[in-house]
């Protein structure tokens, strides 16, 4: 009789432990679609799918000639505006000096002040154009925002990029050092968890420590017991663990 009770007790504990494990799938914790907010012609594509890149590494660039020309043009116009402003300032100083000597009319003084204001406005406009041209030049290239792996490339040299109506994603990049296990869980399971709580993820035959990232508020599915909500657990991938997103994993929540 005692042996039967022990067996039943062991089965009960095993069932509870099983109930506290949720089936999940791996997703990227940080996946971005990189684009250029400008139109132009693709000049260079420096990466291929599957390639690992470092933060700041250049991945793609448009033909730089037009952007360089616009930058040089803006610089020249700014220089011209600076000279005009300096001359207007000299003329205004001279006009004020003559006005104080009562040899210049109010009209002429006012005209000198207006010319100074106009020259100053043109200088600020030229300065803004120079800044805009510099930004366009910088944004005509795509650089990796973080260390990661290239998932896909949607560009090739000579391709025309027209972003007047919609921005086209050109490169998709993911941080392959941080992954998230996502499961569907009933409300009573989520009620016992909190954001940032330590949990274990079973992946590749090992248990990896992670933290609760998402506790869904809106149902994403349902079963015979009721609605199911998203549970996300983020973890750092061990260097020795090579996995791909989409594979099944397990989240253990009976810690």
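The values are calculated or read from the model by the stated rules, or taken from the named source; none is laboratory data. Small disclaimer: the values here were computed from a predicted structure and weren't measured. Neighbour counts run over all protein chains shown; Cβ positions are idealised from the backbone, glycine included.
What do you reckon, is residue 136 out of contact with any strand residue (DSSP E or B) (no Cβ under 8 Å at 6 or more places or on another chain), part of a helix (DSSP H, G or I) and touching a residue at least 24 places away in the same chain (Cβ under 8 Å)? Explain how you work it out, then say what you get.
On the way: out of contact with any strand residue (DSSP E or B) (no Cβ under 8 Å at 6 or more places or on another chain): yes; part of a helix (DSSP H, G or I): yes; touching a residue at least 24 places away in the same chain (Cβ under 8 Å): yes.
It is true that residue 136 is out of contact with any strand residue (DSSP E or B) (no Cβ under 8 Å at 6 or more places or on another chain), part of a helix (DSSP H, G or I) and touching a residue at least 24 places away in the same chain (Cβ under 8 Å).
Is it the case, given these coordinates, that residue 91 is touching a helix residue (DSSP H, G or I) at 6+ places or on another chain (Cβ under 6 Å) and part of a helix (DSSP H, G or I)? Criteria met by residue 91. In the set (1) at pLDDT 95 or above; (2) within 30 Å of residue 36 (Cα to Cα), the condition left unmet by residue 116 is number (2).
Among the criteria (1) modelled with pLDDT of 95 or more; (2) exposed (fewer than 13 other Cβ atoms within 10 Å of the Cβ), the one residue 103 does not fulfil is (1).
Do the conditions hold for residue 191, that is, is it within 30 Å of residue 61 (Cβ to Cβ) and without any contact (Cβ under 8 Å) to a residue 40 or more places away in the chain? Before the answer, list the steps.
Details: within 30 Å of residue 61 (Cβ to Cβ): no; without any contact (Cβ under 8 Å) to a residue 40 or more places away in the chain: yes.
So residue 191 does not fit the description; no.
Only residues that are outside any strand (DSSP E or B) and in contact with a strand residue (DSSP E or B) (Cβ under 7 Å, 6 or more places away or on another chain) were counted across segment 160-188, and they come to 6. Quick one: which of 109, 127 is within 30 Å of residue 65 (Cβ to Cβ) and either in contact with a helix residue (DSSP H, G or I) (Cβ under 8 Å, 6 or more places away or on another chain) or not assigned by TED's automatic domain parsing to the domain that holds residue 71 (or both)? Unique residue meeting the criteria: 127.
In this structure, does residue 212 turn out to be assigned to a strand (DSSP E or B) and surrounded by 14 or more Cβ atoms within 10 Å (Cβ to Cβ)? Judged against the criteria, residue 212 is a match.
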